[in-house]
Amino acid sequence: MKELKFIATPEEGEVSALLIKPADATHLLVLGHGAGADMRHITMQTIAEGLAVNGIATFRYNFPFMEKKKSVGSPKAAVDTISAAVAKAKETCPNLPLLAGGHSYGGRMTSKAAAESRLPDVKGLVFFAFPLHAPNKPDDKRADHLPQINIPMLFLSGTRDALAKLDLLQPIVQKLGDLATLHLLDTADHSYKILKRTRESKEDVFVEMARTVREWVNNF
């Protein structure tokens with residue numbers, strides 16, 4: 001694991017980043033964290049380690065608000081940071097095809113960056129628990145920009161995710177057509193906690209996600 005720094009925005013200054021690059025890496029995923037946890041959170045670490053086992057390098061980074069331990073910043077600052085992170089990742093690993101995405105907030109802001117055509121070098125987007133709406137407030141307005149994205153998208157969503165009700169998420173993904181793939185994680189919630197007694201699969205949920213990303217990438 002290599003620690004890095006890059007300029008998020010001229011106004012916000014430097015933020016931290018972590019690169020994990022396995023010897024057999026075929027792609028590099030630029031991975032943003034959620035609104036309440038930084039790039040070193042156990043969820044982010046476990047996702048990155050699982051992807052490394054499957055030959056996918058990761059470039060994790062902090063958003064400026066998390067680097068400075070403040071409240072969530074503006075969407076513009078987030079989009080600018082994601083664009084800068086992708087540029088730094090490309091500079092760091094110029095020979096690896098780029099993917100981008102993140103857990104929860106990080107994934108949603110990455111989708112906005114893609115919809116605004118800010119990620120020209122990115123070949124696909126991976127959303128770990130896309131936060132379609134606030135808890136207990138079902139709505140689909142956060143998906144209004146998704147049709148503007150013109151690269152493949154993978155949604156990894158738990159069947160108990162309180163921020164992505166399936167009766168809203170499934171039709172949205174279906175309307176996106178061939179560019180979008182939805183993989184449901186049985187009994188997982190927004191943080192990927194599962195119900196061991198009722199989960200049908202014996203596969204660890206993080207292993208399942210990493211395997212699914214690998215299989216999805218192999219298709220394009």
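The values are calculated or read from the model by the stated rules, or taken from the named source; none is laboratory data. This one's a predicted model, so the numbers in the text were calculated from it and none came from an experiment. Virtual Cβ from ideal backbone geometry, glycine too; neighbours counted across all protein chains shown. Calculation scope for accessible area: heavy atoms of the full protein, side chains included, ligands and nucleic acids excluded. Shrake-Rupley method; radii C 1.70, N 1.55, O 1.52, S 1.80 Å.
Tell me the residue from Val213, Val207 that is open to solvent by 70 Å² or more (accessible area, probe 1.4 Å), assigned to a helix (DSSP H, G or I) and in contact with a helix residue (DSSP H, G or I) (Cβ under 9 Å, 6 or more places away or on another chain), please.
Val207
Considering only the range 10-64, how many residues are more than 15 Å from the chain's Cα centre (by Cα), part of a loop (DSSP other than H, G, I, E, B) and charged (D, E, K, R)?
Count: 4.
When only residues in the range 134-178 that are small (Gly, Ala, Ser) and loosely packed, with under 15 Cβ neighbours inside 10 Å count, which is nearest to Ala35 (Cα to Cα)?
The extreme case among them is Ala134.
Limited to the range 111-133, what total is found for residues that are in contact with a Pro (Cβ under 7 Å, 6 or more places away or on another chain) and open to solvent by 30 Å² or more (accessible area, probe 1.4 Å)?
2
On the basis of being within 16 Å of Trp216 (Cβ to Cβ) and either open to solvent by less than 60 Å² (accessible area, probe 1.4 Å) or in contact (Cβ under 8 Å) with a residue 60 or more places away in the chain (or both), does Leu98 make the cut?
When the stated conditions are applied, Leu98 passes them.
When Thr187 is evaluated against the numbered criteria (1) over 28 Å from Phe59 (Cα atoms); (2) open to solvent by 30 Å² or more (accessible area, probe 1.4 Å), which criterion, by number, is the only one it fails?
(2)
Could you figure out which of (1) open to solvent by 10 Å² or more (accessible area, probe 1.4 Å); (2) farther than 12 Å from Thr110 by Cα; (3) among the basic types (Lys, Arg) isn't true of Arg60?
That leaves (1) as the condition not met.
Quick one: which of Ser191, Ser157, Ser201 is among the polar types (S, T, N, Q), touching a residue at least 24 places away in the same chain (Cβ under 8 Å) and assigned to a loop (DSSP other than H, G, I, E, B)?
Details: Ser157 fails: assigned to a loop (DSSP other than H, G, I, E, B); Ser201 fails: touching a residue at least 24 places away in the same chain (Cβ under 8 Å).
From the options Ser191, Ser157, Ser201, the qualifying one is Ser191.
Within the range 65-85, track down each residue that is part of a helix (DSSP H, G or I) and either farther than 20 Å from Glu14 by Cβ or open to solvent by 10 Å² or more (accessible area, probe 1.4 Å) (or both).
Passing the criteria: Phe65, Met66, Glu67, Pro75, Lys76, Ala77, Asp80, Ser83, Ala84.
Output the residues belonging to the range 39-57 that are crowded, with 17+ Cβ neighbours inside 10 Å and within 14 Å of Val15 (Cα to Cα).
Answer for the range 39-57, where residues must be crowded, with 17+ Cβ neighbours inside 10 Å and within 14 Å of Val15 (Cα to Cα): just Met39.
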